[in-house]
Amino acid sequence: MSIGEVLARLRPEFPDVTISKLRFLEAEGLVEPLRAPSGYRKFTPAHVERLRFVLAAQRDRYLPLRVIREQLDEMERGERVVGPAPAPPAPMASMPMASMPTPPAAAVVPQVRVELGDSRLTRAELAERSGLDDAGLEDLEQYGLLVPTANGYYGGDALTVAGIAAQLADYGIEGRHLRPYRATADREVGLLAQLVPPLARQAGPTGRAQALATVHELAALCAQLHGALVRQGLRQVLGP
């Protein structure tokens, strides 16, 4: 299948998914499509099921990509993981399909649709799921990277921020080092915010859905641009 055909298969279950989102997941190493001689991506049914697992884990369980990647690795090793199980990894073209191992069935968690920002995590839940302790959360809040609601809850994006911060902490990067990201995000919001409200004000039930899809699209594009610029800069540091 082409990436467009994959998008058509996933859209009924994940209306907010975009081609940019699929490319982002590929860039993060969560799916590795085959390549035609012409260079176009080619996806198998196993790739589609893997993407379905990743998208469901993000949407329904608010798992950071690090945890999702670990779960996929565990299932590839035949270990049992709570959550919807993806298909086994796509085989190489020369490997018969029958030779691929079948992972054990996993306990299925009921899927509840939660839109962007609608999740409600307590501070204890945020700490448990992200891997940060209370001091780590306070550090992020001090520098404006985590902002609880008026009721003291945190959303799904806060879990993503905390999960990434936990991974960066392994490299000695603390909240004070991440302040520039807060400033950059605020500038991007100021630049792009004018594009979203007109969509949300459109008549009919599709207005908000279209606005949310645009938010995901813009965020994915900004993330790809930022990542490319950072990689470019670091390669220059490494030198020829």
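The values are calculated or read from the model by the stated rules, or taken from the named source; none is laboratory data. What you are looking at is a predicted structure, and each value in this text was computed from that prediction instead of being measured. Note: ideal-geometry Cβ built from the backbone for every residue, glycine included; neighbour counts use all protein chains shown. For accessibility, only protein heavy atoms count, side chains too; no ligands or nucleic acids. Shrake-Rupley method; radii C 1.70, N 1.55, O 1.52, S 1.80 Å.
Quick notes on this structure:
- Of the residues in the range 100-123, at least one is modelled with pLDDT of 85 or more, out of contact with any Pro (no Cβ under 9 Å at 6 or more places or on another chain) and not charged (D, E, K, R).
- Residue among Leu132, Leu178 that alone is outside any helix (DSSP H, G or I), surrounded by 15 or more Cβ atoms within 10 Å (Cβ to Cβ), free of Cβ contacts under 8 Å to residues at least 60 places away in the same chain and in contact with a helix residue (DSSP H, G or I) (Cβ under 9 Å, 6 or more places away or on another chain): Leu132
- Qualifying residue in the range 36-54 (condition: at pLDDT 85 or above, touching a Gly at 6+ places or on another chain (Cβ under 7 Å) and either within 30 Å of Val215 (Cα to Cα) or open to solvent by 70 Å² or more (accessible area, probe 1.4 Å) (or both)): no
- Complete set of residues in the range 213-240 that are in a helix (DSSP H, G or I), among the small types (Gly, Ala, Ser) and farther than 29 Å from Pro198 by Cα: Ala228, Gly233
- Among residues of the range 226-240 that are touching a residue at least 60 places away in the same chain (Cβ under 8 Å), those with a beta-carbon under 9 Å from a residue that is assigned to a helix (DSSP H, G or I) at least six positions away or on a different chain give the pairs Gly227/Phe24; Gly227/Ala27.
- Residue list for the range 135-156, filter: open to solvent by 50 Å² or more (accessible area, probe 1.4 Å) and touching a Ser or Thr at 6+ places or on another chain (Cβ under 7 Å): Tyr153
- The set of residues in the range 24-35 being more than 21 Å from Met75 (Cα to Cα) and crowded, with 17+ Cβ neighbours inside 10 Å consists of Phe24 alone.
- Residues being closer than 21 Å to Leu212 by Cα and either open to solvent by 40 Å² or more (accessible area, probe 1.4 Å) or polar (S, T, N, Q) (or both) - total across the range 157-175: 3
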